[in-house]
1. With N denoting the number of residues in the chain, provide Rg(C-alpha) divided by 2.2 N^0.38 Å, to two decimal places.
2. Let me have the 222 nm mean residue ellipticity of the chain computed from DSSP H runs of 4+ only, each contributing -39500 (n - 2.57), with the sum over all residues rounded to the nearest 500.
3. In degrees from 0 to 90, rounded to the nearest 10, what is the angle of the helix 68-87 Cα long axis to the longest principal axis of the chain?
4. Which listed residue (25, 68, 43) has the Cα farthest towards the positive end of the charge dipole for the chain, taking +1 on Lys and Arg C-beta and -1 on Asp and Glu C-beta about the Cα centre?
5. Could you state the angle between the C-alpha long axis of helix 42-51 and the longest principal axis of the C-alpha atoms of the chain, as a value from 0 to 90 degrees rounded to the nearest 10?
6. If you place +1 on the Cβ of every Lys and Arg and -1 on the Cβ of every Asp and Glu, how big does the dipole about the Cα centre of the chain come out, in debye to the nearest 20?
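Any read-out appearing in this document is the output of simple, stated calculations on the displayed coordinates, not a laboratory observation. Here the structure is a predicted model, which is why all the values come from computation and not from measurement. Methodologically, a virtual Cβ is constructed for each residue, glycine included, from the backbone with ideal geometry; neighbour enumeration extends over all protein chains shown.
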Amino acid sequence: MRPSQVPADAVTSSGSGLDPDISPVYAEPQVHRVAVKNDLPVARVEKLVADHTEGRTLGFMGEPRVNVLELNIALKDLVARARRSTIR
């Protein structure tokens with residue numbers, strides 16, 4: 001990825017440093033790494049990201065965002081279910 005392609009939220013933080021959201025553009029390059037790390041299909045992780053992406057507030061305020069906290073909880077649950085199913 002060229003420096004000009006790096007999303008702004010990848011190199012900046014919110015005023016509090018606790019912002020639970022990232023842009024879908026920033027989530028996209030992380031999908032493959034997360035899928036490999038958790039032994040999941042890339043398409044499944046892409047779907048999780050899509051499922052946890054929220055649009056603009058009231059359809060026009062702000063930018064689309066991925067709720068990272070909810071995404072991580074869903075990912076953890078998916079990995080646990082996948083591991084339980086392979087053990088059986």
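1. 1.21
2. Only helices count here, giving -14000 deg cm²/dmol.
3. Once rounded, the angle reads 10 degrees.
4. Result: 43, furthest along the dipole toward the positive end.
5. 50 degrees
6. Using Cβ point charges on Lys, Arg, Asp and Glu, the chain gives about 540 debye.
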